[in-house]
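Just below is one structure, and these are the notes that go with it.
Values in this text are rule-based calculations from the coordinates and carry no lab data. Just so you know, these numbers come straight off a predicted model, no measurement behind them. Here the Cβ positions follow ideal geometry from the backbone for every residue, glycine too, while neighbour counts run over all protein chains shown.
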Amino acid sequence: MIHVKGLKKSFKLSKKQMTENKSKEKQKYAVKGIDFIVNDNEIFGLLGPNGAGKTTTMRCLATLINPTEGSISVNGFDGATEGEQVRRELAFLTNELKLDTHFTPDYTARFFGRLHGLDETVIEERMNHLFDYFGVTPFRFTKINDLSTGMKQKLSIVVSLIHDPQVVIFDEPTNGLDIITARAVTEYLKILKSQGKTIIISTHMMHVAEKLCDRIAVIMDGEIKAMGTLDEIYKLTGKGNLDDAFFNLYETSGGQMHV
Amino acid sequence: MFKSLIIIMKKELRRVFTDRRLIITNFILPMVSIAVIYSIMGMMISKTNNDIESHVTTIAAVNVPAEIGALIDADPTMVYTSVDFSKEEAETLLRDDVYDFYLYFEPDFEAKLEAFDGTNLPLVEGLYSPKSDVSIEASYKIGSLFEVYRNQVLADRLGGESFLSVFSLSTSEIMIPEENKGIDRGIAYLIPMLVSIFIFAGAMGIGMDSIAGEKERGTIATMLLTPVDRGMIIGGKVLSLAVVALISTLSSFIGVIISIPFSANFLSSGGSFDMSQFALGGAELMMFFICMIGLVGMYVTIISVLSMIANSVKEAGAYITPAYMVVMITGFLNMFGSSDVSGINYYIPVYNNIVNMKQILLGDGNWGMVMISFATSAVITLALLVVARKLIHKERVVFPS
Ligand SMILES: Nc1ncnc2c1ncn2[C@@H]1O[C@H](COP(=O)(O)OP(=O)(O)OP(=O)(O)O)[C@@H](O)[C@H]1O
Ligand SMILES: [Mg+2]
């Protein structure tokens, strides 16, 4: 269970960033007050254009960065005061988090298992299961440096799930993967859901969201423009698919389409 | 809690000691280059000395008295040629290294010497080139030659060599108890500086890579996702860095020891590098190690803090280089400055550790002073650890963009 209440996040801009953004503001609000709840046994999708604030929201959830305003709770633990427990409860995947390419998948998974305080036998079991499912086993003792992009991404997923967390937050998990590998990832998310986990994913692939998500929030410019089940979104926009619905929301929120 | 510190430390050490590139650049290369550089320096110095020693000094002399001619002839390392050119001409020839020395006796030198009445000293002039080592050496040789000649003349005047002695003076060394006997002063001055520099250099490369590098590559952020306290992450890195610094210092010293057969002449001012006197007692070794640990703590934490602030390895290098220079200067200061450290100077961090190490090597180690320097080092180290801990909790430090 995840509760996000009135979440705002601003970044102080450096002089360089200010000129890049062509703004005189010293602060940039990446998230401008959003609320949502994600239940157990549910996959919640965050959709939105580049720079909408999806990753920022998820990083706040993972306690990597602190909200400027508002609150977050993960399985009843408060993000601001109980960061350690929050991190025990969740898996977080995003492309800015990297694994040291000098080590092997075997050592990397063990290392993170240990940091989560798991027993060696538990680590071994989890590792065998996840390595088998994601096809990492043949590369178990290959340096990460020598793995393909897809294999690296799958290993990142394995490492993030090593402690079998209740909450799974994946930022663009199928990004850069071929359709077969992408399918393996989405299938695994379904398995996790069937185990009763609380899942949030962000994606730019509408078909992935359509097939996978129980509910969706469309974020634009740091605000939620629409939230609900697919049907509710279709009804709200009067469109029959997510692509069109997304464009509709973009235009009505003042976005300019350049064709 | 501390279990995670150990896990991180182990991972850091594994990172270093399974990476051939890091092993070579941080342990093998310093050892080999120190061994080679020191050996070459030593060989060059002894070659220069040998060259000077085996060189036959050539003297251009005007109006040489027979007695002096005989003295020169008696010395196989000197030859002279009787010439009649002027001082000006001699200068050019000396500048061109044709002769090593020019000696001019005034025409009635011998006559004046015979008729000497307390005034009107007979005149002899010498010229040498300060740019040429053999010419400088020649001026020393001529100096001692004239010393001999003067004694001959005086003995003649006074009626016998025995009259040259005025009194009998005897000076002896006092006995130094064995345990108190330090090593060669030159080495005692040099080693603390080397230890200090080796520790810093040993921690620098890997420190930048393990902190600024991990930030740059985004691998530190992945660790922040675990329940581990961020302070433990930085603590584990600092500890592993301390181990690396000590091992690297050791390997640099192996380099020094390898070079000793060739470098002894400049490592010790005297020329003898007596390893038997290297044996410090247990207490001395303990004191020396405590001083080293003090330096390790300060250097490793300062490197960590600077690497933390930097957003890339390159930037870290730019921040750490000035600190490295300060470390080198502190070492040099101790080599050339007087070792008379009293009062407030004993509380200057880094400097006090180095002075203590020197005193220990000289056989004058003092537990009280060692403890003072250890305490100041500990204060600095802890303060820097607190800073590092604060920094790793800062968003802008961990996620710059
Ligand atoms: N550390 C930072 N400093 C300044 N601005 C930042 C920082 N991180 C993010 N931003 C800005 O915040 C806004 C939201 O970024 P965010 O990464 O959350 O977007 P996103 O929805 O994940 O986009 P994308 O689909 O491209 O991944 C962007 O305008 C971004 O430039
Ligand atoms: Mg993003």
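Along each of the three principal axes of the Cα atoms of the protein assembly as shown, give the extent in whole Å, ordering the values from largest to smallest.
Reported extents, whole Å, longest axis first: 134, 60, 49.
From the Cα trace of the stretch A:2-252, what convex hull volume per residue do you get, rounded to a whole Å³?
Spread over its residues, the Cα hull of the stretch A:2-252 gives 137 Å³ apiece.
Kirkwood hydrodynamic radius, computed over distinct alpha-carbon pairs, for the stretch B:55-164: how many Å, to one decimal?
Value: 14.7 Å, from the Cα pair sum.
Using Cα-only point scatterers and the Debye equation, what is log10 of I(q)/I(0) for the stretch A:1-136 at each q in 0.15, 0.18, 0.20, 0.22 Å⁻¹, rounded to two decimals?
-0.91, -1.13, -1.23, -1.32
So how long is each side of chain B along the principal axes, counting just the alpha-carbon atoms, biggest first, in Å?
Projected onto the principal axes, the Cα atoms of chain B cover 102, 48, 34 Å.
Calculated FRET efficiency, A:ASN128 and B:LYS47, Cβ-Cβ r, R0 60 Å, to nearest 0.05?
Here the calculated transfer efficiency is 0.35.
I'd like the distance between the alpha-carbon centres of the stretch A:9-39 and the stretch B:289-335, rounded to an integer number of Å.
Comparing the Cα centres of the stretch A:9-39 and the stretch B:289-335, I get a distance of 36 Å.
According to the Cα gyration tensor, what semi-axes, each the square root of 5 times an eigenvalue, does the equivalent ellipsoid of the stretch B:309-401 have, listed from largest to smallest in whole Å?
Working from the Cα gyration tensor, I get semi-axes of 33, 17, 9 Å.
Where the centroid of each part is defined by its Cα atoms, how far is the stretch A:145-161 from the stretch B:56-91 in Å?
85 Å
Which order do B:GLU173, B:GLU89 fall in if you start with the one that has the fewest other Cβ atoms within 10 Å?
Result, fewest neighbours first: B:GLU173, B:GLU89.
Let's see if you can work this out: charge +1 on each Lys and Arg Cβ, -1 on each Asp and Glu Cβ, no other charges. What is the dipole magnitude of chain A about its Cα centre, in debye to the nearest 20?
920 debye
Give me the Kirkwood hydrodynamic radius of the stretch B:353-396, using the inverse of the mean 1/r over all pairs of distinct Cα atoms, in Å to one decimal.
One decimal place: 12.2 Å for the Kirkwood radius.
Quick one: helix A:149-160 against the long Cα principal axis of chain A, what's the angle to the nearest 10°, folded into 0 to 90?
That works out to roughly 80 degrees.
Choose one of A:THR198, A:PHE103, A:MET1: the residue whose Cα lies farthest towards the positive end of the charge dipole of chain A (beta-carbon charges +1 Lys, Arg; -1 Asp, Glu; about the Cα centre).
Working it through, the farthest residue towards the positive pole turns out to be A:PHE103.
Dipole size in debye (nearest 20) for the protein assembly as shown around its Cα centre, Lys and Arg Cβ +1, Asp and Glu Cβ -1?
So the magnitude is around 4740 debye.
Is it possible to state the helix-based mean residue ellipticity at 222 nm for chain B, with each DSSP H run of 4+ residues giving -39500 (n - 2.57), the sum divided by total residues, to the nearest 500 deg cm²/dmol? What is it?
-21500 deg cm²/dmol
Of all DSSP beta bridges in chain B, what percent run antiparallel (nearest 5)?
In chain B, approximately 35 percent of DSSP beta bridges are antiparallel ones.
Could you tell me which residue out of B:MET204, B:ALA242, A:PHE139 lies farthest along the dipole of the protein assembly as shown toward its positive end? Charges go on the beta carbon: Lys and Arg +1, Asp and Glu -1, centred on the Cα centre.
Of the options given, the answer is A:PHE139.
Could you put A:SER71, B:SER251, A:SER194, B:SER263 in order, starting from the residue whose Cβ has the fewest other Cβ atoms within 10 Å?
If I rank by nearby Cβ atoms, fewest first, I get A:SER194, A:SER71, B:SER251, B:SER263.
Report the dimensions of the stretch A:117-246 along its three principal axes from the alpha-carbon atoms, largest first, rounded to Å.
So the extents along the principal axes, rounded to whole Å, are 52, 29, 25.
Name the residue farthest towards the positive end of the dipole of the stretch A:2-252 from the options A:LEU161, A:LEU64, A:ASN75, assuming +1 on Cβ of Lys and Arg, -1 on Cβ of Asp and Glu, about the Cα centre.
Of the options given, the answer is A:LEU64.
What is the packing order of peptides B:67-80, A:216-229, taking the mean over residues of other C-beta atoms within 10 Å and listing the highest first?
Top of the packing list down: A:216-229, B:67-80.
Based only on other Cβ atoms within 10 Å, what is the fewest-to-most ordering of B:LYS237, B:LYS131, A:LYS239?
Placing the least packed residue first, the sequence is B:LYS131, A:LYS239, B:LYS237.
Just tell me, in residue order, which DSSP H segments of chain B are both 30 angstrom or longer along the helix axis (alpha-carbon based) and at least -1.0 in mean Kyte-Doolittle hydropathy.
Helices meeting the criterion: B:29-54, B:133-158, B:185-207, B:230-267, B:282-309, B:313-336, B:367-392.
With +1 assigned to the C-beta of every Lys and Arg and -1 to the C-beta of every Asp and Glu, and no other charges, what is the dipole magnitude of the stretch B:55-164 about the Cα centre in debye, to the nearest 20?
220 debye
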